[in-house]
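The values are calculated or read from the model by the stated rules, or taken from the named source; none is laboratory data. For clarity, every value in this text was computed on a predicted model and none was experimentally measured. As a convention, Cβ positions derive from the backbone with ideal geometry for all residues, glycine included, and neighbour counts pool all protein chains shown. Surface accessibility is based on the protein's heavy atoms, side chains included, excluding ligands, DNA and RNA. Shrake-Rupley method; radii C 1.70, N 1.55, O 1.52, S 1.80 Å.
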Amino acid sequence: MALKRIGDILLEKELVSEKDIDKALKDQKEDERLGETLVRLGIVSETQILKALEETTGVKRVSLQNMNIDEDVLQLIDEDFCRRNTVIPFKIEGMKLLFVTSDPLNFTVIEELRLLTGLRPVAFSAPKNDIISQIEKYYGFSRTLEALGIKQDVVFDEEESYHSDAESTPMVKLVNQILTSAVFQRASDIHIDPLDDKVIIRYRVDGVLDMVRELPLKIHRQMVSRIKVMANMDITETRKPQDGRIQTLIQRKNLDLRISTLPTVRGEKVVMRLLDISTQLNNLSTLGLTKHEESLVREMIQTPNGIVLVSGPTGSGKTTSLYACLNELNKPDVNIVTVEDPVEIKVEGINQVQVKPEVDLTFASTLRSILRQDPNIIMIGEIRDVETAEISVRASLTGHLVLSTIHTNSAVKTISRLLDMDIEPFLIASSLTGIVAQRLVRKLCPECSYKVDATDSEKKLFKKFDIEVSQLKHPQGCPSCNHKGYAGRIPIFEVLPITKEMEKLISNNASNSELEALAEKEGLVSLMTSGLQKVKDGLTTMEELLKVTKE
């Protein structure tokens, strides 16, 4: 009997259509299996594939979270083989080798394991990230720490950590493993915090900091020195904050790492911001705007002149939205110039300038020079001071479209912020085209979230915003979401176009309450309303929404 292929199995289970298979085959990358392509495109989830394979082939799924693997089993198969094929052995039963794989239909791996060990391989399945975490745990960190002399309480040679070029030195390996593990867990930041008796490593995933590892305090200095060498920072300076940058390739991803060190009473704290520069640019249709919001934003950025502002706190996705707008506007017949701190994504066809205050290349001074460069569109990373705000207004009034970000709590409060910067009300009214306020909320894992009846207080809150609701989804936790109940983040938006009536109120120096009343009358969908709709749709939870909105 011929063995079924993954595409046939998924079609049989009605998880995909023929059109989905054709799309995946066209988009399939080199060395990527069809199942991986379908997951990457969001057509089907990894858990759905493993469940379908279990039902069809009998390959059972296992949870690796609390599994203890015997060191003798790990000696049979080397780390490189496990990493290359995303497999990990966990038990020997007589002449059977029990192992976990993310691809039970990869019979080449099963044959290679038989030849390597002389045992009969028996496959079990688990999500890819779970297996990678176990490889890191059993082959990576523990063996590297042993090589550093942690178990034998041997003092590691500090000179080696930053004078040796060998990529195989234990400290180099340790730092690389911390970075690799962060990439696999989709972390946006890595925090290295020295305490009185240990060092803790924390990853920020989907906006939430989570401790992933504790390390002995005695390796802290060497680890910080290694990171500083990679970022071309001064390893002898430990009393002042420093900033650096590393560009590297990890797991086929081009990463740009922003390094920041801060001297604390217990030693230097290091924060590394990870930015995947190989990621494709978003466009407006992929940001998560509703059709109405998308049409309003398109209308704003298609105007030949004026200011469009994106507001929100740090880490709310403002830069992503700005780049999506630029991506839509990036045509050969327009001259786009940006001034940023830092330049996060390099885009072909756009002239990007990096701010350097040490040589007096500030937002304000660069903006003055940009205006002599005959630009059509100017993007300013952030309006931080009065001078930058004034030049931005002047630029918009002289025929330029200006895009920028600003730190405010809502779209309407952005107008008050500009007034606080002592910009004349009539100038704001005549230059401002529109404001987009946004936040990011964690997205419920589609695999394990479950519905419950809404409580009376929840129904009352939804009714206040003219939304009827009977059931809401809640998080649970499963291997797909690393037992957190959430996977990824989604934005909520508040889009405020500046109408003629709004211009009049701004010119007359109207109060916040007057501006809010007019915005509501003109149909403004607030952040709260936008968020509640996503809660109703089962995309996020009330807890997540209330973390980012106060209304």
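What about Arg204, is it open to solvent by 40 Å² or more (accessible area, probe 1.4 Å) and either at pLDDT 90 or above or closer than 22 Å to Met233 by Cα (or both)?
Details: open to solvent by 40 Å² or more (accessible area, probe 1.4 Å): yes; either at pLDDT 90 or above or closer than 22 Å to Met233 by Cα (or both): yes.
Taking the combined requirement at face value, the residue satisfies it.
Report whether or not Lys356 is open to solvent by 20 Å² or more (accessible area, probe 1.4 Å), among the charged types (D, E, K, R) and in contact (Cβ under 8 Å) with a residue 12 or more places away in the chain.
Taking the combined requirement at face value, the residue does not satisfy it.
Please count how many residues of region 499-525 are in contact with a helix residue (DSSP H, G or I) (Cβ under 8 Å, 6 or more places away or on another chain) and either under 30 Å from Cys448 (Cβ atoms) or open to solvent by 20 Å² or more (accessible area, probe 1.4 Å) (or both).
Count: 14.
For a quick check of your reading of the model, give me the residue pairs whose first member lies in region 77-94 and is closer than 19 Å to Asn129 by Cβ, whose second is basic (Lys, Arg) and at pLDDT below 85, with beta-carbon atoms closer than 9 Å and at least 6 apart or on different chains.
Glu79/Arg143; Thr86/Lys128
Which of the residues belonging to region 434-465 are in contact (Cβ under 8 Å) with a residue 40 or more places away in the chain and open to solvent by 70 Å² or more (accessible area, probe 1.4 Å)?
Scanning region 434-465 gives Lys443, Pro446, Lys451.
Have a look at Pro263, Pro241 and point out the one that is exposed (fewer than 13 other Cβ atoms within 10 Å of the Cβ), at pLDDT 90 or above, farther than 30 Å from Leu444 by Cα and not hydrophobic (A, V, I, L, M, F, W, C).
Being exposed (fewer than 13 other Cβ atoms within 10 Å of the Cβ), at pLDDT 90 or above, farther than 30 Å from Leu444 by Cα and not hydrophobic (A, V, I, L, M, F, W, C) holds for just one of Pro263, Pro241, which is Pro241.
Does region 381-393 contain at least one residue that is closer than 12 Å to Ile307 by Cα, of a type in the set (Asp, Glu) and either at pLDDT below 90 or crowded, with 22+ Cβ neighbours inside 10 Å (or both)?
For region 381-393, residues closer than 12 Å to Ile307 by Cα, of a type in the set (Asp, Glu) and either at pLDDT below 90 or crowded, with 22+ Cβ neighbours inside 10 Å (or both): present.
Can you tell me which residues in region 469-496 are in a strand (DSSP E or B) and of a type outside the set (D, E, K, R)? Lay out the reasoning, then the answer.
Of region 469-496, the ones in a strand (DSSP E or B) are 471-474, 486-496.
Across region 469-496, the qualifying residues are Gln471, Leu472, His474, Tyr486, Ala487, Gly488, Ile490, Pro491, Ile492, Phe493, Val495, Leu496.
For Phe124, state whether it is touching a strand residue (DSSP E or B) at 6+ places or on another chain (Cβ under 9 Å), open to solvent by 30 Å² or more (accessible area, probe 1.4 Å) and at pLDDT 80 or above.
yes
So, in region 293-315, of the ones that are assigned to a loop (DSSP other than H, G, I, E, B) and not small (Gly, Ala, Ser), which residue ends up nearest to Ser410 (Cα to Cα)?
If we take residues in region 293-315 being assigned to a loop (DSSP other than H, G, I, E, B) and not small (Gly, Ala, Ser), then Pro313 is nearest to Ser410 (Cα to Cα).
Starting from residues that are more than 30 Å from the chain's Cα centre (by Cα) and in contact (Cβ under 8 Å) with a residue 24 or more places away in the chain, keep the ones in region 368-380 and report whichever is surrounded by the most Cβ atoms within 10 Å (Cβ to Cβ). Steps first, please.
In the first step, residues of region 368-380 are kept if they are more than 30 Å from the chain's Cα centre (by Cα); the result is 368-376.
Adding the requirement that they be in contact (Cβ under 8 Å) with a residue 24 or more places away in the chain leaves 370-371, 373-376.
Working: Ile370: 22, Leu371: 16, Gln373: 11, Asp374: 9, Pro375: 20, Asn376: 16.
The qualifying residue surrounded by the most Cβ atoms within 10 Å (Cβ to Cβ) is Ile370.
Here are some conditions: (1) of a type outside the set (A, V, I, L, M); (2) open to solvent by 10 Å² or more (accessible area, probe 1.4 Å); (3) closer than 24 Å to Pro491 by Cβ; (4) not in a loop (DSSP other than H, G, I, E, B). Thr338 meets all but one. Which one does it not meet?
With respect to (1) of a type outside the set (A, V, I, L, M); (2) open to solvent by 10 Å² or more (accessible area, probe 1.4 Å); (3) closer than 24 Å to Pro491 by Cβ; (4) not in a loop (DSSP other than H, G, I, E, B), Thr338 is out only on (2).
Filter region 81-119 down to residues that are of a type in the set (Ser, Thr, Tyr) and part of a helix (DSSP H, G or I), then give me how many there are.
Number satisfying all stated conditions: 2.
Using the structure shown, decide if Ser17 is touching a Lys or Arg at 6+ places or on another chain (Cβ under 6 Å) and at pLDDT 85 or above.
no
Among residues belonging to region 48-76 that are among the small types (Gly, Ala, Ser) and without any contact (Cβ under 8 Å) to a residue 60 or more places away in the chain, point out the one that is nearest to Arg33 (Cα to Cα). Talk me through it step by step, then tell me what you get.
Start the filter on region 48-76 by keeping residues that are among the small types (Gly, Ala, Ser), which leaves 52, 58, 63.
From what's left, without any contact (Cβ under 8 Å) to a residue 60 or more places away in the chain: 52, 58.
Numbers: Ala52: 16, Gly58: 20 Å.
Only one residue fits best here, namely Ala52.
Restricting attention to region 54-69, report how many residues are farther than 13 Å from Ile135 by Cα and either assigned to a helix (DSSP H, G or I) or open to solvent by less than 90 Å² (accessible area, probe 1.4 Å) (or both).
8
Of all residues in region 529-541 being open to solvent by 20 Å² or more (accessible area, probe 1.4 Å) and not basic (Lys, Arg), which is farthest from Gln438 (Cα to Cα)?
The extreme case among them is Asp537.
Please specify each residue of region 1-43 satisfying the condition of being part of a helix (DSSP H, G or I), within 26 Å of the chain's Cα centre (by Cα) and among the small types (Gly, Ala, Ser).
The answer is Ala24, Gly35.
When you scan region 275-292, how many residues do you find that are aliphatic (A, V, I, L, M), surrounded by 13 or more Cβ atoms within 10 Å (Cβ to Cβ) and in a loop (DSSP other than H, G, I, E, B)? Steps first, please.
Residues of region 275-292 aliphatic (A, V, I, L, M): 275, 277, 281, 284, 287, 289.
Adding the requirement that they be surrounded by 13 or more Cβ atoms within 10 Å (Cβ to Cβ) leaves 275, 281, 284, 287, 289.
When the remaining residues are screened for being in a loop (DSSP other than H, G, I, E, B), the result is 281, 287, 289.
Of the residues in region 275-292, 3 are aliphatic (A, V, I, L, M), surrounded by 13 or more Cβ atoms within 10 Å (Cβ to Cβ) and in a loop (DSSP other than H, G, I, E, B).
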